[in-house]
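Undergrad: Pasting a structure below so you can have a look.
Quick note: the coordinates plus some simple rules give every number you see, no bench work behind them. Here the structure is a predicted model, which is why all the values come from computation and not from measurement. Backbone-built Cβ (ideal geometry, glycine too); neighbour counts: all protein chains shown.
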Amino acid sequence: MKLLHNIAIQAILLALATPAWAQDKTVFITTEEDYKPKEKARFVDEIGTFTQIVGSAPYIINPNYGNDHTFYDADGDGEDDGDNQFIPDGISFHAGAGFDADEIFGVGLFTGIDWNETGKLWSVPIYASAVLKPQLSDDFGLLFQAGLGWTLAIGRGDLSGLYQKYRIGYLDSDGYGIFAEVNGYGFKWRSDTQFATFNLGVSLYMPE
């Protein structure tokens with residue numbers, strides 16, 4: 001009887017302990033809807049195209065700056081009266097298209113025509129250009145652009161040279177902007193130094 005009594009007590013204790021052990025167990029149930037693979041970070045989110053149209057004018061130091069009257073050349077044409085220290089010395093139109101990444105960095109091919117009044121020189125540059133457009137806000141961004149190619153002087157025999165362009169400016173949210181740039185033409189023209197210009201202009205950058 002004593003043996004049966006001990007067995008009965010142990011059975012009762014075991015039955016009471018079983019629910020307590022079961023409560024410590026945690027069951028995880030997963031479904032396909034709960035599982036979402038982590039997306040890998042990409043260096044570039046979107047590749048697009050762009051078109052850019054540019055107009056500018058080269059500027060030089062006014063040789064008549066400080067004089068209080070108008071000068072006339074042999075043809076009777078009036079020159080600047082000297083009020084402005086810098087004066088325009090020609091005109092330039094360029095256009096190009098290419099590819100850009102996230103509308104921030106782009107590369108493209110450009111061409112155009114340049115007219116320099118003092119040098120009586122027309123030239124046609126063809127060049128590749130890299131564009132960087134960091135955004136400072138939703139409405140404002142900077143413009144950095146560099147170009148490298150070749151330029152040919154029109155009507156000047158085989159006069160040509162390595163063309164270089166370095167531009168800095170800003171763009172608004174619609175792609176309109178202003179800039180300053182330096183252009184090197186890679187050849188000498190009416191001086192002992194290589195022909196170069198400093199330009200101020202406007203730009204329209206159109207991503208697609």
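Undergrad: Given q = 0.15, 0.17, 0.20 Å⁻¹, what are the Debye log10 I(q)/I(0) values for segment 47-207, with equal point scatterers placed on the Cα positions and solvent ignored?
TA: Per q value, in the given order, log10 I(q)/I(0) is -0.84, -1.00, -1.22.
Undergrad: At 0.36 nm per residue, and after removing the present C-alpha to C-alpha distance, how many nm does the segment from Leu200 to Leu132 gain when stretched out fully? Let's see the in-between values first.
TA: Numbers: separation 68, 0.36 × 68 = 24.48 nm, distance 1.85 nm.
That works out to 22.6 nm of additional length.
Undergrad: What GluC sites (Glu not before Pro) in segment 103-203 are in a loop by DSSP, with at most 14 other Cβ atoms within 10 Å of the Cβ?
TA: Details: sites: Glu103, Glu117, Glu181; in loops: Glu103, Glu117.
Taking segment 103-203 and a limit of 14 other Cβ atoms within 10 Å, the loop GluC sites (Glu not before Pro) found are Glu117.
Undergrad: Using the crude model of +1 on Lys and Arg Cβ and -1 on Asp and Glu Cβ, and no other charge, please compute the dipole size for segment 47-207 relative to its Cα centre, in debye to 20.
TA: Details: 7 positive and 21 negative charges, 169 e Å.
Approximately 820 debye in magnitude.
Undergrad: Separation between the Leu109 and Asp158 pseudo-spin-labels, each 7 Å from Cα along Cα→Cβ, expressed in nm?
TA: Result for the modelled spin labels: 2.5 nm.
Undergrad: Ordered by residue, what ³J(HN,Hα) values in Hz, to whole numbers, does segment 152-162 give under the Karplus form 6.51 cos²θ - 1.76 cosθ + 1.60, where θ = phi - 60° and Gly and Pro are x?
TA: 10, 7, 7, x, 10, x, 9, 5, 7, x, 6
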